[in-house]
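Asks: After the structure tokens below, expect a handful of questions from me.
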Amino acid sequence: MDTQYFHIVKDGVEIMTVFAYIFTYMPWLITRKEYADLTDIRRENKFNSKLFLPPVSQEFRKRVDMYNSIVKDVYGCYIENVTKYLRSIKTDREETLPFSNISFSERSDYDDGTFEYNLHHHQSQQINNPSISPFASLSGLTHERFMSNYNATMGSWDLAYNLDFSPKVVPYVDIDCRDHTNTAYHLNSYALDFFKQGSEQSLIAENELSPGDTYNLLLDIHLVLSSVKTSLE
């Protein structure tokens, strides 16, 4: 991530909001009606806590998008190289289409312009399509289309089955707060609230944290901030 951003921003609340998005993750498991009711309760009872993380600034979002694009390119190249390597060592793979007996593992003797030539050289294009199987190429799917199916919401390539490209594995920063159905949800602002008012009791009473989890959650964010402080010095 571009650390220069933290030298530009002078507002401590805005910086803490960014840290909360990056280093904490506690969704409010509530419906829209429950969200509206909780918002009314917060206003009527004049809670000290915000309860819900506010949106990040456009400047920070722009930097996150730039970072995520780099991550996508790096892991996209990784997928390509792994695919090429696996194909190079697996020489006994069946690459003959049924019925037509067209082989993709041998050089073609078909004349230019014939159906077999178009099928072999234009539909498959194995040299240019390292991620596409000869059998899948009949659908017209190309390597470029395959690699463009990156789902930013899930942080994964939709067509890359049996591979885990979630943010748990790929260092992708998700700040959009949307689940796998693209439904928006809200994050608990406990870290930002504690930064502003320093009350552990408010986190329990207002943010609905359990007493047993509060200490560990605050310790985690304290250790993260200490590491960030050291890296920026």
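The numbers here are math on the coordinates, done by the rules we state, and not lab data. Source: prediction; values computed, not measured. Cβ: placed from backbone, ideal geometry, glycine included. Neighbour counts: every protein chain shown.
Asks: Sequence neighbours fewer than 8 away in the same chain don't count; with that in mind, list the lysines whose C-alpha is under 29 Å from Lys72.
Replies: Cross-link targets: Lys62, Lys84, Lys90, Lys168, Lys229.
Asks: Taking other Cβ within 10 Å of each residue's Cβ, how do Cys177, Cys77 sort, fewest first?
Replies: If I rank by nearby Cβ atoms, fewest first, I get Cys77, Cys177.
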